[in-house]
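Have a look at the structure below, then the notes.
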Amino acid sequence: MKHLLKMLDLSTEEIIDILNLADQLKYELKHGIPHNHLKGKTLGMIFQKASTRTRVSFETGMYQLGGYPLFLSSNDLQIGRGEPVQDTARVLSRYLDGIMIRTFDQKEVEDLAEYGEIPIINGLTDFSHPCQVLADLMTIREFKNSFEGLKMCFIGDGNNMANSLIVGCLKVGMEVAVACPEGYRPAQEILDFAKEYDCFTITDSPMEAAKNADVLITDVWSSMGQESEIEKRKIAFKGYQINDEIMTAAKPDAMVMHCLPAHREEEITTKVFEEHANEIFEEAENRLHAQKAVMVKLMAE
Ligand code: CP
Ligand code: NVA
(Lines give C-alpha, C1' and ligand atoms only; values in the text may rest on other atoms or scores of the structure.)
(Ligands and ions follow the chains in the order given, each with its own letter.)
Protein backbone atom coordinates (compact mmCIF):
# COMPACT_ATOMS: atom_id res chain seq x y z
CA MET A 1 0.00 0.00 0.00
CA LYS A 2 1.64 3.26 -1.19
CA HIS A 3 -1.27 5.70 -0.87
CA LEU A 4 -4.82 5.87 0.45
CA LEU A 5 -6.80 7.27 -2.47
CA LYS A 6 -10.09 5.32 -2.37
CA MET A 7 -11.56 2.16 -0.82
CA LEU A 8 -11.55 0.41 -4.22
CA ASP A 9 -7.73 0.32 -4.06
CA LEU A 10 -7.54 -1.59 -0.76
CA SER A 11 -7.58 -5.37 -0.43
CA THR A 12 -9.56 -6.98 2.38
CA GLU A 13 -6.29 -7.93 4.03
CA GLU A 14 -5.03 -4.33 3.92
CA ILE A 15 -8.27 -3.07 5.45
CA ILE A 16 -8.10 -5.60 8.30
CA ASP A 17 -4.41 -4.79 8.89
CA ILE A 18 -5.23 -1.09 9.23
CA LEU A 19 -8.13 -1.83 11.61
CA ASN A 20 -5.96 -4.09 13.77
CA LEU A 21 -3.25 -1.45 14.02
CA ALA A 22 -5.90 1.21 14.75
CA ASP A 23 -7.21 -0.90 17.67
CA GLN A 24 -3.67 -1.28 18.98
CA LEU A 25 -2.92 2.46 18.69
CA LYS A 26 -6.20 3.25 20.47
CA TYR A 27 -5.21 0.91 23.30
CA GLU A 28 -1.72 2.43 23.51
CA LEU A 29 -3.08 5.97 23.61
CA LYS A 30 -5.60 5.12 26.35
CA HIS A 31 -2.89 3.40 28.42
CA GLY A 32 -0.22 6.06 27.96
CA ILE A 33 2.04 3.72 25.96
CA PRO A 34 4.28 5.82 23.66
CA HIS A 35 3.97 5.15 19.94
CA ASN A 36 6.31 7.58 18.23
CA HIS A 37 6.34 5.74 14.92
CA LEU A 38 6.64 8.94 12.87
CA LYS A 39 9.27 10.78 14.91
CA GLY A 40 10.74 13.60 12.83
CA LYS A 41 8.31 13.12 9.92
CA THR A 42 6.11 15.84 8.43
CA LEU A 43 2.59 15.65 6.99
CA GLY A 44 1.22 18.44 4.79
CA MET A 45 -2.57 18.79 5.03
CA ILE A 46 -4.15 20.58 2.06
CA PHE A 47 -7.73 21.70 2.60
CA GLN A 48 -9.87 23.01 -0.27
CA LYS A 49 -13.05 22.44 1.77
CA ALA A 50 -14.00 23.02 5.41
CA SER A 51 -13.31 20.43 8.09
CA THR A 52 -13.53 19.89 11.83
CA ARG A 53 -12.86 16.18 12.39
CA THR A 54 -10.41 15.52 9.57
CA ARG A 55 -8.22 18.49 10.33
CA VAL A 56 -8.11 18.06 14.09
CA SER A 57 -7.73 14.27 14.06
CA PHE A 58 -4.90 14.30 11.49
CA GLU A 59 -3.14 17.16 13.23
CA THR A 60 -3.41 15.61 16.69
CA GLY A 61 -2.69 12.13 15.36
CA MET A 62 0.52 13.23 13.69
CA TYR A 63 1.62 14.95 16.90
CA GLN A 64 0.85 11.81 18.95
CA LEU A 65 2.99 9.77 16.54
CA GLY A 66 5.93 12.10 17.14
CA GLY A 67 5.62 13.87 13.79
CA TYR A 68 4.77 17.38 12.69
CA PRO A 69 1.60 18.36 10.79
CA LEU A 70 1.40 21.43 8.54
CA PHE A 71 -2.06 22.87 7.87
CA LEU A 72 -2.09 24.18 4.29
CA SER A 73 -5.22 26.09 3.35
CA SER A 74 -5.70 26.26 -0.41
CA ASN A 75 -6.54 29.96 0.06
CA ASP A 76 -2.91 30.51 0.96
CA LEU A 77 -1.23 28.00 -1.36
CA GLN A 78 -0.38 28.79 -5.00
CA ILE A 79 -2.62 25.82 -5.90
CA GLY A 80 -5.52 28.15 -5.05
CA ARG A 81 -4.20 30.58 -7.71
CA GLY A 82 -3.92 27.92 -10.39
CA GLU A 83 -0.48 26.31 -9.91
CA PRO A 84 -0.92 22.82 -11.40
CA VAL A 85 -1.27 19.93 -8.99
CA GLN A 86 1.49 18.13 -10.91
CA ASP A 87 3.98 20.86 -9.95
CA THR A 88 2.69 21.18 -6.40
CA ALA A 89 3.14 17.43 -5.97
CA ARG A 90 6.73 17.48 -7.18
CA VAL A 91 7.66 20.44 -4.97
CA LEU A 92 5.96 19.22 -1.79
CA SER A 93 7.57 15.78 -2.24
CA ARG A 94 10.92 17.46 -1.62
CA TYR A 95 9.86 18.91 1.75
CA LEU A 96 7.35 16.53 3.27
CA ASP A 97 6.99 12.83 4.13
CA GLY A 98 3.30 12.63 3.29
CA ILE A 99 0.31 14.68 2.12
CA MET A 100 -3.31 14.54 3.18
CA ILE A 101 -5.63 16.36 0.81
CA ARG A 102 -9.32 17.29 0.97
CA THR A 103 -10.63 18.54 -2.35
CA PHE A 104 -13.42 18.24 -4.93
CA ASP A 105 -12.19 16.17 -7.85
CA GLN A 106 -10.88 12.66 -7.20
CA LYS A 107 -8.54 13.16 -10.19
CA GLU A 108 -6.63 15.82 -8.27
CA VAL A 109 -5.81 13.28 -5.56
CA GLU A 110 -4.86 10.64 -8.12
CA ASP A 111 -2.64 13.20 -9.90
CA LEU A 112 -0.86 14.11 -6.68
CA ALA A 113 -0.08 10.43 -6.20
CA GLU A 114 1.08 10.04 -9.78
CA TYR A 115 3.37 13.06 -9.89
CA GLY A 116 4.57 13.16 -6.28
CA GLU A 117 7.01 10.80 -4.62
CA ILE A 118 5.46 10.60 -1.16
CA PRO A 119 2.33 8.88 0.21
CA ILE A 120 -0.96 10.68 -0.52
CA ILE A 121 -4.00 10.32 1.75
CA ASN A 122 -7.46 11.26 0.55
CA GLY A 123 -9.14 13.31 3.28
CA LEU A 124 -12.40 13.47 1.23
CA THR A 125 -13.26 14.14 -2.38
CA ASP A 126 -16.65 14.32 -4.08
CA PHE A 127 -16.13 10.64 -4.98
CA SER A 128 -14.79 9.10 -1.78
CA HIS A 129 -14.01 9.41 1.91
CA PRO A 130 -11.83 6.40 2.74
CA CYS A 131 -10.54 7.71 6.11
CA GLN A 132 -14.11 8.02 7.37
CA VAL A 133 -15.04 4.54 6.22
CA LEU A 134 -12.00 2.96 7.86
CA ALA A 135 -13.11 4.64 11.12
CA ASP A 136 -16.66 3.40 10.49
CA LEU A 137 -15.49 -0.18 10.00
CA MET A 138 -13.38 0.08 13.14
CA THR A 139 -16.46 1.28 15.06
CA ILE A 140 -18.70 -1.47 13.71
CA ARG A 141 -16.17 -4.13 14.71
CA GLU A 142 -15.74 -2.51 18.12
CA PHE A 143 -19.49 -2.60 18.87
CA LYS A 144 -20.36 -5.89 17.13
CA ASN A 145 -17.04 -7.78 17.65
CA SER A 146 -16.94 -9.06 14.06
CA PHE A 147 -18.31 -8.31 10.59
CA GLU A 148 -19.65 -11.80 10.09
CA GLY A 149 -23.35 -12.00 9.24
CA LEU A 150 -23.88 -8.24 9.60
CA LYS A 151 -26.05 -6.12 7.32
CA MET A 152 -25.23 -2.43 6.72
CA CYS A 153 -27.97 -0.20 5.39
CA PHE A 154 -27.18 3.23 3.94
CA ILE A 155 -30.07 5.65 3.45
CA GLY A 156 -29.73 8.88 1.47
CA ASP A 157 -27.51 10.43 -1.15
CA GLY A 158 -25.29 8.19 -3.30
CA ASN A 159 -22.37 10.45 -2.42
CA ASN A 160 -18.74 10.06 -1.32
CA MET A 161 -19.85 8.31 1.88
CA ALA A 162 -22.18 5.90 0.09
CA ASN A 163 -19.51 5.12 -2.52
CA SER A 164 -16.92 4.34 0.12
CA LEU A 165 -19.19 2.49 2.55
CA ILE A 166 -20.50 0.16 -0.14
CA VAL A 167 -16.97 -0.89 -1.10
CA GLY A 168 -15.60 -1.06 2.45
CA CYS A 169 -18.50 -3.05 3.89
CA LEU A 170 -18.61 -5.50 0.97
CA LYS A 171 -14.85 -6.04 1.17
CA VAL A 172 -15.01 -7.02 4.84
CA GLY A 173 -17.86 -9.44 4.15
CA MET A 174 -20.96 -7.54 5.19
CA GLU A 175 -24.32 -7.53 3.44
CA VAL A 176 -25.05 -4.07 2.02
CA ALA A 177 -28.42 -2.48 1.24
CA VAL A 178 -28.67 1.06 -0.10
CA ALA A 179 -31.76 3.24 -0.40
CA CYS A 180 -31.38 6.28 -2.67
CA PRO A 181 -33.87 8.30 -4.68
CA GLU A 182 -33.73 7.84 -8.44
CA GLY A 183 -31.16 10.26 -9.87
CA TYR A 184 -29.01 10.25 -6.72
CA ARG A 185 -27.49 6.79 -6.93
CA PRO A 186 -23.85 6.00 -6.16
CA ALA A 187 -21.18 6.33 -8.88
CA GLN A 188 -21.41 3.84 -11.76
CA GLU A 189 -17.90 2.56 -10.96
CA ILE A 190 -19.14 1.62 -7.49
CA LEU A 191 -22.32 -0.03 -8.76
CA ASP A 192 -20.21 -2.05 -11.23
CA PHE A 193 -18.02 -3.22 -8.35
CA ALA A 194 -21.00 -4.02 -6.10
CA LYS A 195 -23.00 -5.98 -8.66
CA GLU A 196 -20.45 -8.79 -8.40
CA TYR A 197 -21.69 -9.39 -4.84
CA ASP A 198 -24.94 -11.32 -4.26
CA CYS A 199 -25.27 -9.62 -0.88
CA PHE A 200 -25.62 -6.12 -2.40
CA THR A 201 -29.01 -4.52 -3.06
CA ILE A 202 -30.10 -1.04 -4.08
CA THR A 203 -33.65 0.28 -3.89
CA ASP A 204 -35.58 3.53 -3.61
CA SER A 205 -37.36 2.24 -0.47
CA PRO A 206 -35.67 3.11 2.87
CA MET A 207 -37.94 0.65 4.75
CA GLU A 208 -36.97 -2.19 2.45
CA ALA A 209 -33.25 -1.42 2.76
CA ALA A 210 -33.45 -1.13 6.56
CA LYS A 211 -35.10 -4.53 7.01
CA ASN A 212 -33.10 -6.57 9.57
CA ALA A 213 -30.15 -4.19 9.35
CA ASP A 214 -27.48 -4.37 12.06
CA VAL A 215 -25.99 -0.99 11.17
CA LEU A 216 -27.87 2.01 9.77
CA ILE A 217 -25.88 4.86 8.26
CA THR A 218 -26.84 8.14 6.65
CA ASP A 219 -25.19 11.37 5.57
CA VAL A 220 -26.25 14.89 4.62
CA TRP A 221 -28.59 15.41 1.67
CA SER A 222 -26.33 18.16 0.28
CA SER A 223 -22.58 17.74 0.46
CA MET A 224 -19.92 20.43 0.42
CA GLY A 225 -19.90 22.05 -3.01
CA GLN A 226 -23.65 21.38 -3.57
CA GLU A 227 -24.87 24.48 -1.73
CA SER A 228 -26.81 25.73 -4.78
CA GLU A 229 -28.86 22.48 -4.83
CA ILE A 230 -29.98 22.54 -1.19
CA GLU A 231 -33.64 23.38 -1.81
CA LYS A 232 -34.00 20.96 -4.74
CA ARG A 233 -32.37 18.21 -2.70
CA LYS A 234 -34.64 18.79 0.31
CA ILE A 235 -37.53 17.82 -1.96
CA ALA A 236 -35.76 14.86 -3.62
CA PHE A 237 -34.67 13.34 -0.28
CA LYS A 238 -37.88 13.81 1.68
CA GLY A 239 -38.51 10.47 3.41
CA TYR A 240 -34.86 9.39 3.20
CA GLN A 241 -34.44 9.81 6.92
CA ILE A 242 -33.36 7.58 9.80
CA ASN A 243 -36.28 7.89 12.22
CA ASP A 244 -38.32 5.75 14.62
CA GLU A 245 -40.23 4.08 11.79
CA ILE A 246 -37.01 3.03 10.04
CA MET A 247 -35.66 1.75 13.37
CA THR A 248 -38.64 -0.63 13.66
CA ALA A 249 -37.55 -2.31 10.41
CA ALA A 250 -33.94 -2.80 11.60
CA LYS A 251 -32.79 -5.32 14.20
CA PRO A 252 -33.65 -4.24 17.79
CA ASP A 253 -29.94 -3.88 18.63
CA ALA A 254 -29.05 -2.01 15.42
CA MET A 255 -26.32 0.62 15.57
CA VAL A 256 -26.75 4.02 13.96
CA MET A 257 -23.78 5.92 12.59
CA HIS A 258 -23.23 9.29 10.91
CA CYS A 259 -19.93 10.72 9.68
CA LEU A 260 -20.97 14.21 10.87
CA PRO A 261 -21.74 17.04 10.55
CA ALA A 262 -25.41 16.00 10.84
CA HIS A 263 -28.49 17.97 9.84
CA ARG A 264 -31.04 17.01 12.46
CA GLU A 265 -34.61 16.49 11.21
CA GLU A 266 -33.31 16.12 7.66
CA GLU A 267 -31.39 12.84 7.16
CA ILE A 268 -31.80 11.83 10.84
CA THR A 269 -34.21 12.81 13.61
CA THR A 270 -32.84 14.42 16.77
CA LYS A 271 -34.37 11.56 18.77
CA VAL A 272 -32.59 8.76 16.90
CA PHE A 273 -29.37 10.80 16.78
CA GLU A 274 -29.34 11.30 20.55
CA GLU A 275 -30.32 7.68 21.28
CA HIS A 276 -27.29 6.58 19.27
CA ALA A 277 -24.89 9.38 20.25
CA ASN A 278 -22.67 6.79 21.91
CA GLU A 279 -21.96 5.08 18.60
CA ILE A 280 -21.82 8.30 16.57
CA PHE A 281 -19.22 9.97 18.80
CA GLU A 282 -17.13 6.82 19.14
CA GLU A 283 -17.14 6.78 15.33
CA ALA A 284 -15.88 10.38 15.36
CA GLU A 285 -13.16 9.49 17.88
CA ASN A 286 -12.10 6.52 15.78
CA ARG A 287 -11.12 8.87 12.95
CA LEU A 288 -8.06 9.65 15.06
CA HIS A 289 -7.04 6.03 15.62
CA ALA A 290 -7.81 4.79 12.09
CA GLN A 291 -5.89 7.67 10.48
CA LYS A 292 -2.92 7.16 12.77
CA ALA A 293 -2.86 3.56 11.57
CA VAL A 294 -2.98 4.70 7.93
CA MET A 295 -0.14 7.16 8.49
CA VAL A 296 2.01 4.52 10.21
CA LYS A 297 1.35 2.02 7.40
CA LEU A 298 2.24 4.59 4.73
CA MET A 299 4.92 6.72 6.32
CA ALA A 300 6.87 4.70 8.91
CA GLU A 301 10.02 3.05 7.59
N1 CP B 1 -16.70 13.48 8.87
C2 CP B 1 -15.80 14.43 8.48
O3 CP B 1 -15.00 14.22 7.58
O4 CP B 1 -15.88 15.58 9.18
P5 CP B 1 -15.16 16.95 8.83
O6 CP B 1 -15.79 17.49 7.56
O7 CP B 1 -15.43 17.83 10.02
O8 CP B 1 -13.70 16.71 8.63
N1 NVA C 1 -20.91 13.96 2.17
C2 NVA C 1 -20.38 14.98 3.03
C3 NVA C 1 -19.46 14.37 4.04
C4 NVA C 1 -18.86 15.36 5.01
C5 NVA C 1 -17.89 14.72 5.94
C6 NVA C 1 -19.68 16.04 2.21
O7 NVA C 1 -18.96 15.68 1.27
O8 NVA C 1 -19.85 17.22 2.50
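The values are calculated or read from the model by the stated rules, or taken from the named source; none is laboratory data. Predicted model, so just to flag it, every value in this text is computed and none were measured. So basically every Cβ, Gly included, is an ideal-geometry build from the backbone, and we count neighbours across all protein chains shown. SASA here: full protein model, heavy atoms, side chains in, ligands and nucleic acids out. Shrake-Rupley method; radii C 1.70, N 1.55, O 1.52, S 1.80 Å.
Quick notes on this structure:
- For the chain, built as a Gaussian network whose Cα springs stay under 10 Å, the top-fluctuating residue of Val220, Val272, Val167: Val272
- Three-way shape label, the range 54-165, alpha-carbon gyration tensor, a/c 1.5: prolate
- Fluctuation leader among Ala162, Ala250, Ala290 - the chain, Gaussian network, Cα springs under 10 angstrom: Ala250
- Neighbours of Thr54 by Cβ distance under 10 Å: Lys/Arg scored +1, Asp/Glu scored -1, total +4.
- When the GluC sites (Glu not before Pro) in the range 149-232 are filtered for DSSP coil states and for at most 15 other beta-carbon atoms within 10 Å of their beta-carbon, the remaining sites are Glu182, Glu196.
- GluC sites (Glu not before Pro) within the range 66-128: DSSP coil, no more than 12 neighbouring Cβ in 10 Å: Glu117
- Candidate cross-link partners of Lys238 among the lysines, defined by an alpha-carbon separation under 23 Å and a same-chain spacing of 8 or more, comprise Lys211, Lys271.
- Counting Lys and Arg as +1 and Asp and Glu as -1 over every other residue whose Cβ lies under 12 Å from the Cβ of Leu65, the net charge comes to +1.
- Gain upon complete extension [Ala50, Glu227; 0.36 nm per residue less C-alpha separation]: 62.4 nm
- Split the accessible area of the chain by element, probe 1.4 Å, and carbon with sulfur accounts for 49%.
- Relative contact order of the chain, taken over Cα pairs closer than 8 Å and 6 or more residues apart, is 21 percent.
- Averaging over all projection directions, the Cα-based convex hull of the range 120-224 occupies 6.6 nm² in the image plane.
- Total formal charge among the other residues, if their Cβ is under 15 angstrom from that of Leu150, Lys/Arg +1 and Asp/Glu -1: -1
- Only DSSP H runs of four or more residues enter the estimate; each adds -39500 (n - 2.57), and after division by the residues of the chain the mean residue ellipticity at 222 nm equals -13000 deg cm²/dmol.
- The alpha-carbon of Lys6 sits under 21 angstrom from the alpha-carbons of these lysines, leaving out residues fewer than 8 places away in its chain: Lys49, Lys107, Lys171, Lys195, Lys292, Lys297.
- DSSP loop trypsin sites (Lys or Arg not before Pro) with at most 12 other Cβ within 10 Å excluded, longest remaining stretch of the chain: 95-194
- Overall form of the range 185-301 per C-alpha gyration tensor (a/c, 1.5; a/b vs b/c): rounded
- Under a model in which nothing but the beta-carbon of Lys, Arg (+1) and Asp, Glu (-1) is charged, the chain shows a dipole of about 680 debye around its Cα centre.
- The chain shape via C-alpha gyration tensor axes, a/c threshold 1.5: prolate
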